[in-house]
Amino acid sequence: GAADPKAAGLSGAAAKWVPRVIERAEIQLKNVHVRVEVPRQRSRRPAAPSACDAIGLLVPLVALQSVKDRERGAPAGGASGRAQATISKRAVLSSAQVYCDYDSEAYFDDDAATDARAQSGDAVRARFVEMWRTQRHTGFLLPLSLTCALKLGHSVDEDGVLQMRVTSIHATLPELRAVADVRQLCVIAHVVRFVHQWFRRQRHLCRFQ
């Protein structure tokens, strides 16, 4: 049957603005902190309001940058084809740290969770920031920096449809240092087991809904 002119028009519009958006897009995130807590059944600090094992990631800077070396190659499909182009992007992970806290004070205790439900999460955010600033962590992977260079090739075929593909990926990790003891390995095992069991429960619930 005949091609839908509306679909062809959408493909033609996407072929023009999608590569431009990808090429110009730059993202920068600062002071990223991701933390996974698993409650402990027995704590060596009975005076603490709550105790947990935790794995966390601290990243001072995450950036997605544009690289100004856009290249154009030979036309695709001969003289009647459209020009190909390459977009270069660079992702930078600066001075990241991974920590494992054993039997530490939880960022999210029962009281904070109760307050969060009553106050739209303000209590949780305030406690998280306070704990972030005051609590010391046990480093597992010491500061590391990662740079990843990515090249995306794109072209438009004779029907006006945009074609995109990854042409190359190059990652650079200058140094990786780890400091591990038995407690940290126990924390990792505890958190991994907890997360695995949580996913299994979710899958089980989904089957019966």
Q: List every residue pair whose Cβ atoms sit under 9 Å apart, with the two residues 6 or more apart in sequence or on different chains, where the first one lies in segment 135-151 and is among the basic types (Lys, Arg) and the second, anywhere, is open to solvent by 60 Å² or more (accessible area, probe 1.4 Å) and in a strand (DSSP E or B).
A: 151/71; 151/166; 151/167; 151/169; 151/170
Q: Output the residue which, of all residues in segment 118-149 that are of a type in the set (A, V, I, L, M) and open to solvent by 50 Å² or more (accessible area, probe 1.4 Å), is nearest to residue 87 (Cα to Cα).
A: 146
Q: Take the residues in segment 80-90 that are over 19 Å from residue 172 (Cβ atoms) and open to solvent by 50 Å² or more (accessible area, probe 1.4 Å), then tell me which one is modelled with the lowest pLDDT.
A: 80
**Q.** Members of segment 38-79 that are hydrophobic (A, V, I, L, M, F, W, C), closer than 30 Å to residue 184 by Cα and at pLDDT below 75
**A.** 47, 48
Q: Kindly list, by first and then second residue, each pair from a residue in segment 152-163 that is closer than 22 Å to residue 66 by Cα to a residue that is among the acidic types (Asp, Glu), limited to pairs with Cβ atoms under 8 Å and residues at least 6 apart or on different chains.
A: 163/157
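The values are calculated or read from the model by the stated rules, or taken from the named source; none is laboratory data. Please read these numbers as outputs of a predicted model, since none were measured by experiment. Note that each Cβ is placed from the backbone with ideal geometry, even for glycine, and that neighbours are counted across all protein chains shown. Heads up: the accessible areas ignore ligands, DNA and RNA and are worked out on the full protein's heavy atoms, side chains in. Shrake-Rupley method; radii C 1.70, N 1.55, O 1.52, S 1.80 Å.
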